[in-house]
Amino acid sequence: MHTAVHRKARTFIVETWQSQANLSLFLVLLAITVFVLPALPVKTERIALYGNVVYSLILMSGVAIASGRRRLLVAAICAALPALAMRWAAWLRANYATLIWAEAFSLLAVVVIAWVLLAQVFRGGAIDMARVQGAVAVYLLLGAAYAFAYQIDWFANPAAFDSSEGPVKSFVDWIYFSFCTLSTLGYGDIVPTSRMSRRSGKPSLGRCTCLLSRAWWLCKSAELRKQTAQAETVEPTVNPVRQLHPLWCNT
């Protein structure tokens, strides 16, 4: 009996550490995509190569996050594989068809990975560091999703955006514009000119995201306080937080 309990506890600790480490890696890769790659003083061709490598690692890490839930895992794999294939095909043989399909499948994959993370974030349990990291990762994925959408819009209509710094072509430029829009900075160096680009580039998207995040946080805090009060009423000597399942463990 003691050996079985010890083995189960050890397995639980290892699985929890591995999943949280994977989530931290996922968040670091997203930070590299958003903050590091746009600042690298290298040629556009190399930026595209580095971006594909980092994006591939992000998708593989995102699929690994869903490994504990079969439906999420199947959805993540079905979205990630076409995106990886099309991005590398577009890098090896760039033309209009491969480029636009690569961006479309990449957008779909990012949305699915964000859905996987949201399914984990909104699971029952205490608000811990893993849940906070997941919420931050979803916000960064939202910015990446809009960057893919802007690039698809640009492929369909090259006159959809006007820039005071020259033509906007690379994905790092769209990452820059996306997060400027989400954070409501609005420098004005990239301006949407078409009806579709103006609708997708509204600064109110950033405000709505912040308000929704704040509302979710308040609801989870109230739910946790309610669960804690009920548990203390029934068993005042037991710590209710220990009875809650951790966020990223397999179920």
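The values are calculated or read from the model by the stated rules, or taken from the named source; none is laboratory data. Not measured: the values here are computed from a predicted model. Positions of Cβ are backbone-derived with ideal geometry, glycine not excepted, and every protein chain shown enters the neighbour counts.
Odds and ends about this structure:
- The condition of being closer than 19 Å to Leu23 by Cβ, part of a helix (DSSP H, G or I) and free of Cβ contacts under 8 Å to residues at least 40 places away in the same chain holds for only one of Ala80, Ala89, Ala159, Ala76, that being Ala80.
- Residue within the stretch 52-66 that is in contact with a helix residue (DSSP H, G or I) (Cβ under 8 Å, 6 or more places away or on another chain), at pLDDT below 85 and either in a helix (DSSP H, G or I) or charged (D, E, K, R) (or both) present: yes
- Note on the stretch 145-167: among residues that are farther than 19 Å from Thr98 by Cα and aliphatic (A, V, I, L, M), the one that is nearest to the chain's Cα centre (by Cα) is Ala160.
For every residue, the table says whether it meets (1) touching a Gly at 6+ places or on another chain (Cβ under 8 Å); (2) of a type in the set (Ser, Thr, Tyr).
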residue	(1), (2)
Ala137	no, no
Ala144	no, no
Phe155	no, no
Ser163	no, yes
Asp173	no, no
Thr181	yes, yes
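- The stretch 23-51, residues that are within 20 Å of Leu84 (Cα to Cα), at pLDDT below 80 and of a type outside the set (A, V, I, L, M): Thr44, Glu45, Arg46
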